[in-house]
Amino acid sequence: MTALTKSEIAERLFEELGLNKREAKEIVELFFEEIRASLEGNEQVKLSGFGNFDLRDKSQRPGRNPKTGEEIPISARRVVTFRPGQKLKARVEEYAGTESQ
Amino acid sequence: MTKSELIEAIAARQAQLSLKDVELAVKTIIEHMSEALSGGERIEIRGFGSFSLHYREPRRGRNPKTGDTVELTGKYVPHFKPGKELRERVNLGLQAGL
């Protein structure tokens, strides 16, 4: 199945809002860039109606190279998690699709 | 950062559009993404991540108030997988002591 990409999102801004193509593309870039920048600065992003991008700090833990069996620690890291909002969850739940994702 | 702060941040970084136009654009983007997911379509944004649906099997649940058993049907839930650039930049933030 096809996926929604930045170019289609920009296309809709052009068609529905009448932004010119360059503006539309720039806004779509900035939308994702500003979210990344906030998360990089350790600030969560809350988009009401859609969901929250949260940050979680994980401490170092023991790991193993699956090929050699050698023990190597997995370094401390920060990860992004997405918690969908009520409205998005409700809309998605109604999807009774048969196509597995 | 909230949606309105995101709108302000975007508006501050470009010269052509008014705050109102940026607000409309951001709402349109979010609506487009919600629409895609509720129609079972994936979203793939290079350097940011991908959104897809994960299926949850039907299960027998319990009403926490009454203790009654309820049959819960299978359903889809949104799932986000961060892309490489986002994963790396968030870790840079950690290393920078943020």
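Here is how the numbers come out for the structure above:
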{"quantity": "Rounded accessible area of residue B:19 (nearest 10 Å², 1.4 Å probe)", "calculated": "90"}
{"quantity": "Lys, Arg +1 and Asp, Glu -1 on Cβ, resulting dipole of the protein assembly as shown about Cα centre, debye, nearest 20", "calculated": "860"}
{"quantity": "Alpha carbon centroid spacing (whole Å) that separates the range A:55-84 from the range B:2-50", "calculated": "31"}
{"quantity": "Relative contact order (percent, whole number), the range A:12-101, Cα cutoff 8 Å, 6+ residue spacing", "calculated": "22"}
{"quantity": "Largest to smallest accessible area among B:38, B:18, A:48 [probe 1.4 Å]", "calculated": "A:48, B:18, B:38"}
{"quantity": "Calculated log₁₀ intensity ratio I(q)/I(0) where the Debye formula runs over C-alpha points of chain B, q = 0.17, 0.18, 0.21 Å⁻¹", "calculated": "-0.98, -1.02, -1.12"}
{"quantity": "Whole-percent carbon and sulfur share, accessible surface of chain B, 1.4 Å", "calculated": "50"}
{"quantity": "Lys, Arg +1 and Asp, Glu -1 on Cβ, resulting dipole of the range A:17-81 about Cα centre, debye, nearest 20", "calculated": "280"}
{"quantity": "Overall form of the protein assembly as shown per C-alpha gyration tensor (a/c, 1.5; a/b vs b/c)", "calculated": "oblate"}
{"quantity": "Amide hydrogen neighbours beyond the local backbone of residue B:76, cut-off 5 Å, H modeled", "calculated": "B:56"}
{"quantity": "For the range B:1-40, size of Cβ-based charge dipole, Lys and Arg +1, Asp and Glu -1, in debye", "calculated": "60"}
{"quantity": "Farthest positive-ward along chain A dipole, Cα basis, beta-carbon charges - from A:49, A:82, A:2", "calculated": "A:82"}
{"quantity": "Area of residue B:2 that stays accessible when all protein chains are in place (1.4 Å probe, Å², to 10)", "calculated": "50"}
{"quantity": "Rounded to the nearest 10 Å², the accessible area of residue A:33 at probe 1.4 Å", "calculated": "40"}
{"quantity": "Positive-end extreme of charge dipole, chain B - chosen from B:83, B:15, B:34 (charges on Cβ)", "calculated": "B:83"}
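The values are calculated or read from the model by the stated rules, or taken from the named source; none is laboratory data. Quick caveat, the model's predicted, so the values are computed rather than measured. For neighbour counting, all protein chains shown are included, and Cβ atoms are generated from backbone atoms with ideal geometry for every residue, glycine included. Quick note on the areas: whole protein, heavy atoms, side chains included, nothing else; ligands and nucleic acids left out. Shrake-Rupley method; radii C 1.70, N 1.55, O 1.52, S 1.80 Å.
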